[in-house]
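Trainee: Attaching a single structure in structure tokens format; questions to follow.
The values are calculated or read from the model by the stated rules, or taken from the named source; none is laboratory data. Nothing here was measured: the structure is a model prediction, and the numbers come from that model. Cβ atoms come from the backbone with ideal geometry, glycine included; neighbour counts cover every protein chain shown. For the accessible areas, the whole protein counts, side chains as well, though only heavy atoms, and no ligand, DNA or RNA atoms are used. Shrake-Rupley method; radii C 1.70, N 1.55, O 1.52, S 1.80 Å.
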Amino acid sequence: MPPEATILPSEEVLTKRRAYYIRDREDVRISALRTAFDDWSGWGHAEGVSAEWHDLESLVDAAIKDWGMHADVIVLRRPTGHDRLPARHEIHTALFETDRPVLVVPPDAPASFGRRVAIAWRNDRQAIQAVLSALRWQTAPERVFVIAGVAPGSPTPTLPDILLEHGIAAELHILPIGGGVFGEALLAKARELRADMLVMGAYRHSPLREVLLGGVTRYMLGHADLPILMRH
């Protein structure tokens, strides 16, 4: 990150000494990231995957928007409660400003996933877009579970047409809405089904980036212990 982006102009002065310190700290972080990248890319070459390293000095959300808009998929780690604001901005930018699918990976992600896929279903554009993105996954899953939330008095849903149209065999699971945090119930159901990946739409309460995410989206980004493919 540029040194001037790491201070509060109203409270701090970016002296030359402070700028050198910030750059040195970033160099240490980048060196550690490069080591991890080299280890990973060595494995990727063995699997026929090529990888490139690009070192930019830029605000993270601006870089994600510029590069992400041209990507097939954006992969980000799941933010933690200790992350600084830029880490949360990158999630917002990737989900809501690139129009691309975003794969959010937890800290202890398994080496492989996508064999047992759970879909958090609601009949709207975001969920359909997420499913369409998942259908482009290279390896077909062994089992697909559709988890549909149903409020009291609402009609019982059926399997989504988008899956039937693509010949995807899936199991429908109904999850009652009400009486607790739905995101927590959804994650518990995915664990019960031993899903190793969750597909869901991404939602927010307001078009302004700084405003809170939708409830389920926010919960999953704070607690999910499995990879999530999200699409707004």
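Trainee: Output the residue which, of all residues in the stretch 187-232 that are in a loop (DSSP other than H, G, I, E, B), among the aliphatic types (A, V, I, L, M) and modelled with pLDDT of 90 or more, is farthest from HIS92 (Cα to Cα).
Mentor: Applying the filter and picking the extreme gives LEU193.
Trainee: Now a separate question. Tell me whether the stretch 101-109 contains one or more residues that are over 25 Å from ALA71 (Cβ atoms) and assigned to a strand (DSSP E or B).
Mentor: There is no residue in the stretch 101-109 that is over 25 Å from ALA71 (Cβ atoms) and assigned to a strand (DSSP E or B).
Trainee: Right, here's the next one. Can you pull out every residue in the stretch 1-22 that is over 20 Å from GLU90 (Cβ atoms) and either open to solvent by less than 80 Å² (accessible area, probe 1.4 Å) or in contact with an Asp or Glu (Cβ under 9 Å, 6 or more places away or on another chain) (or both)?
Mentor: Selection gives GLU12, LEU14, THR15, ARG18, ALA19.
Trainee: While we're on this one: Could you list all residues from the stretch 116-139 that are open to solvent by less than 80 Å² (accessible area, probe 1.4 Å) and basic (Lys, Arg)?
Mentor: Of everything in the stretch 116-139, just one residue is open to solvent by less than 80 Å² (accessible area, probe 1.4 Å) and basic (Lys, Arg), namely ARG116.
Trainee: Oh, and also: Condition check: at pLDDT 90 or above and either open to solvent by 80 Å² or more (accessible area, probe 1.4 Å) or assigned by the TED database to the domain that holds GLN129 (or both). Does ILE64 satisfy that?
Mentor: The answer is yes for ILE64.
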